[in-house]
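Beneath this line is the structure, given in structure tokens, with notes to follow.
The values are calculated or read from the model by the stated rules, or taken from the named source; none is laboratory data. All of these numbers come straight from a predicted model, not from anything done at the bench. Here the Cβ positions follow ideal geometry from the backbone for every residue, glycine too, while neighbour counts run over all protein chains shown.
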Amino acid sequence: MFFPEYRGRRLRRNENFRRMIRETHLRVDDLIYPMFSAFGENIKKEIPSMPGIYQQSIENIVAEAKEVYDLGIPAVILFGIPEFKDAVGQDAYSETGIIQETIRAIKKEVPELTVITDVCMCEYTDHGHCGIIKDGDVDNDETLNLLAAEALSHARAGADIVAPSDMMDGRVAAIREILDANDFSHIPVMSYAVKYASAYYGPFRDAADSTPQFGDRRSYQMDPANRMEAIREATLDVQECADFLMVKPALAYLDILRELKDRFDLPLVAYNVSGEYSMVKAAAEKDWIDGDRVMMETLLGMKRAGADLIITYHAKEAARLLK
Ligand code: PBG
Ligand code: ZN
């Protein structure tokens, strides 16, 4: 197969040919839409660095959840902004916490929409770290108890899938164990298996008011330089019975997505994070790029790299273009 007998351009000649040989497809079924649920009433506050994304009180979250469902997007992932934060993040595992109330409200009005919950402590702790602090660092094993309690309370409130994002060792097993012991063996765990300590989370931390008040997250989130470590993390989560694996962020880590897709036979999720969204929005606003086309190309690239599902703030816009 060589030039001039073989000519690659033959199969690119017209749109039907291009459709017929297209290898990767983005579908509305692949999308998961993140939402920020805030305490209070009548709140709809746009996040300055994330145009089109809001902190909203529950009635507005429910209205948007309906819109998401009507667009054909199968699932949302919820983040909570509680009224009060404290050292042990009590709202995270309270029966009447912000997320628990939000889940019940969505399930009442849009029962068919799949509700995934982010399981972590950083939105609920006054110090902004993803667990309990002991001697100036997050204490792994103490934190596991709280994460398990949080996941269980989400399941009790009606969550369909729990997604731990804290990067503590052993959290998938701890969550699986408590769910199974409480008649929630049918609830899957979507593990943020490979989560890097990334500057791309900047806008999210404004959105969730979850910036660490001291230090950073590098003692639990991964070093962006590491690939083998990603395989170790994913292997552990598979052994602990995770149902989905996630790579986060996505754009600068497409090689890791491919690596995990080739090695593991679990559904793979890419998190197209806040900073990735903000960059596209900012450049499009300046008319430096075609925002819609860059968005679709980026999401397609994540699928081509191996993602089965994509958590993305673009989900609604992408779904509209896919209709
Ligand atoms: C909480 C959490 C973060 C994100 C999802 N869950 C932020 C962080 O770890 O600081 C980031 C999402 C985004 O940037 O869109 N652990
Ligand atoms: Zn966290």
Review point. Does segment 18-26 contain any residue that is of a type in the set (D, E, K, R) and farther than 22 Å from Glu297 by Cα?
Key: no
Exercise for review: Taking Gly170 as meeting all but one of (1) touching an Asp or Glu at 6+ places or on another chain (Cβ under 8 Å); (2) of a type outside the set (A, V, I, L, M, F, W, C); (3) closer than 17 Å to Lys195 by Cβ; (4) crowded, with 20+ Cβ neighbours inside 10 Å, write down the number of the exception.
Suggested key: (4)
Check your understanding: Is there any pair linking a residue in segment 132-156 that is in contact (Cβ under 8 Å) with a residue 24 or more places away in the chain and hydrophobic (A, V, I, L, M, F, W, C) to one that is part of a helix (DSSP H, G or I) and surrounded by fewer than 17 Cβ atoms within 10 Å (Cβ to Cβ), with Cβ under 7 Å and at least six apart or on different chains, and which?
Key -> Ile132/Glu142
Check your understanding: Could you say whether any residue in segment 206-219 is among the polar types (S, T, N, Q), in a loop (DSSP other than H, G, I, E, B), away from ligand 2 (no atom under 14 Å from the Cβ) and surrounded by fewer than 17 Cβ atoms within 10 Å (Cβ to Cβ)?
Key -> no
Practice item. Would you be able to say whether some residue in segment 66-85 is hydroxyl-bearing (Ser, Thr, Tyr), more than 26 Å from Gly202 (Cα to Cα) and exposed (fewer than 12 other Cβ atoms within 10 Å of the Cβ)? Key: no
Point to revise | Residues (among the polar types (S, T, N, Q) and either over 16 Å from Glu101 (Cα atoms) or within 9 Å of ligand 2 (Cβ to nearest atom) (or both)) located in segment 113-129 | key: Thr125
Check your understanding: Among strands (runs of 3 or more DSSP E) lying entirely in segment 1-75, which contain 1 or more residues that are of a type in the set (A, V, I, L, M) and under 22 Å from Pro111 (Cβ atoms)?
Key -> 31-38
Practice item. Evaluate the following for Ala234: is it away from ligand 1 (no atom under 12 Å from the Cβ) and surrounded by 15 or more Cβ atoms within 10 Å (Cβ to Cβ)? Key: yes
Point to revise | Pairs where the first residue, in segment 104-130, is over 26 Å from Ile73 (Cβ atoms) and the second is within 16 Å of ligand 1 (Cβ to nearest atom) and of a type in the set (Lys, Arg), C-beta under 9 Å, 6+ apart | key: Tyr124/Lys85; Thr125/Lys85; Asp126/Lys85; His127/Lys85; Gly128/Lys85; Gly128/Arg205; His129/Arg217; Cys130/Arg217
Practice item. Residues being within 16 Å of ligand 1 (Cβ to nearest atom) and assigned to a helix (DSSP H, G or I): count how many of those fall in segment 275-314. Key: 12
**Study point:** segment 14-43 residues that are touching a residue at least 40 places away in the same chain (Cβ under 8 Å), paired with ones that are among the aromatic types (Phe, Trp, Tyr) (beta carbon under 8 Å, 6 or more apart)
**Key:** Tyr33/Tyr313; Pro34/Phe79; Pro34/Tyr313; Met35/Phe79; Phe36/Tyr54; Phe36/Phe79; Ser37/Phe79
Practice item. Check segment 141-148 and report whether any residue there is away from ligand 2 (no atom under 15 Å from the Cβ) and within 20 Å of the chain's Cα centre (by Cα). Key: yes
Review point. Pick from Arg258, Arg263, Arg293, Arg320: which is at pLDDT 95 or above, within 19 Å of Val76 (Cα to Cα) and surrounded by fewer than 17 Cβ atoms within 10 Å (Cβ to Cβ)?
Key: Arg320
